[in-house]
1. Got at least one residue in segment 163-174 being out of contact with any Ser or Thr (no Cβ under 8 Å at 6 or more places or on another chain) and under 27 Å from ARG87 (Cβ atoms)?
2. Restricting to segment 162-214, and then to whatever is in contact (Cβ under 8 Å) with a residue 12 or more places away in the chain, among the small types (Gly, Ala, Ser) and part of a loop (DSSP other than H, G, I, E, B), can you tell me which residue is surrounded by the fewest Cβ atoms within 10 Å (Cβ to Cβ)?
3. Going by what's in this entry, would GLN41 be described as over 23 Å from PRO190 (Cβ atoms) and buried (at least 22 other Cβ atoms within 10 Å of the Cβ)?
4. Exactly one of (1) under 16 Å from the mean Cα position of the chain (by Cα); (2) free of Cβ contacts under 8 Å to residues at least 24 places away in the same chain is unmet by PRO142. Its number?
5. Kindly check whether there is at least one residue in segment 74-89 that is farther than 18 Å from LEU226 by Cα, in a helix (DSSP H, G or I) and touching a helix residue (DSSP H, G or I) at 6+ places or on another chain (Cβ under 7 Å).
6. Looking at this structure, is TYR146 in contact with a helix residue (DSSP H, G or I) (Cβ under 7 Å, 6 or more places away or on another chain) and either open to solvent by 50 Å² or more (accessible area, probe 1.4 Å) or among the hydrophobic types (A, V, I, L, M, F, W, C) (or both)?
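The values are calculated or read from the model by the stated rules, or taken from the named source; none is laboratory data. These figures come from a predicted structure and were not determined experimentally. Here the Cβ positions follow ideal geometry from the backbone for every residue, glycine too, while neighbour counts run over all protein chains shown. SASA here: full protein model, heavy atoms, side chains in, ligands and nucleic acids out. Shrake-Rupley method; radii C 1.70, N 1.55, O 1.52, S 1.80 Å.
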Amino acid sequence: MPSSELAELYAILSTQMQKMGNMNSTGATSYANIQGMRSPQAGHIFGSKNKDFKVQTSDLEDEVKLLEKCYSRVAALSSSTSDFFLRLDQEAWLLVNSWSQMFTGLSSRRCVSVGMLNGTLETIQIKSAKLAEGGSPCYSIPTSEYEKHQGTLGPGGAIIIFGWGVPPSLLQPGRVVINIETNAFACSMPDRKEQLTSIQSLPGYHVGFLEKSYDESGWWAKYWILIQHDQYTQVN
């Protein structure tokens with residue numbers, strides 16, 4: 001293998017090691033029998049699709065339309081297909097990447113994306129999702145397993161929580177921190193690696209990271225969390 005290809009391979013592996021959170025394995029065997037999923041999921045490393053690409057100008061004209069399009073696509077996804085995890089991860093990254101291109105220069109705004117997967121046979125109650133720091137509401141982008149009026153995420157379902165900050169200034173750093181509380185865990189997700197990321201599993205549940213990714217310049221953070229029962233932990 002040429003030295004240039006070896007260098008590229010080493011860089012990719014190093015990047016993925018940095019992106020891994022509490023989970024020790026995100027390979028195909030780890031995804032084979034996660035509870036709640038309608039079909040076995042193909043091996044996918046969350047964060048492996050985090051590569052910058054040019055977004056069409058027409059998709060960057062309005063942040064509300066950007067969120068609405070993402071909402072519509074995610075609502076159509078289902079764990080009945082083996083590429084469910086891949087497509088969810090692509091949608092989360094498309095949102096973050098588009099946001100970075102929509103707000104540039106003096107109008108730049110940090111953003112945080114937190115994705116959650118329900119790997120149990122029970123519904124997960126999402127009690128609250130709000131910004132401890134930031135300049136927006138928290139937007140919820142769920143799959144069809146989410147029941148809006150009850151605020152519950154059904155087995156095999158997923159939801160992306162997205163929020164952003166204000167343009168940084170001398171008086172306002174424009175930071176973003178998303179706090180989420182459910183009947184399975186509580187967490188605090190910041191926009192930068194230097195700030196402590198906290199997650200506390202509640203009795204009966206095991207909750208861990210499939211992905212922790214951060215922009216080197218501090219403009220975005222992207223997370224994926226897997227919720228499982230204590231007695232049925234497929235990914236450790």
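1. no
2. Step by step, filter segment 162-214, then rank; the result is GLY204.
3. So GLN41 fits the description; yes.
4. It fails just one condition, (2).
5. Looking through segment 74-89, none of the residues is farther than 18 Å from LEU226 by Cα, in a helix (DSSP H, G or I) and touching a helix residue (DSSP H, G or I) at 6+ places or on another chain (Cβ under 7 Å).
6. no
A quick yes/no check of all residues on (1) in contact with an Asp or Glu (Cβ under 8 Å, 6 or more places away or on another chain); (2) open to solvent by less than 60 Å² (accessible area, probe 1.4 Å); (3) not acidic (Asp, Glu):
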{"position": "ASP52", "(1), (2), (3)": "no, no, no"}
{"position": "ASP62", "(1), (2), (3)": "no, yes, no"}
{"position": "GLU68", "(1), (2), (3)": "no, no, no"}
{"position": "SER80", "(1), (2), (3)": "no, no, yes"}
{"position": "LEU95", "(1), (2), (3)": "no, yes, yes"}
{"position": "THR104", "(1), (2), (3)": "no, no, yes"}
{"position": "VAL114", "(1), (2), (3)": "no, yes, yes"}
{"position": "LYS127", "(1), (2), (3)": "yes, no, yes"}
{"position": "SER136", "(1), (2), (3)": "no, yes, yes"}
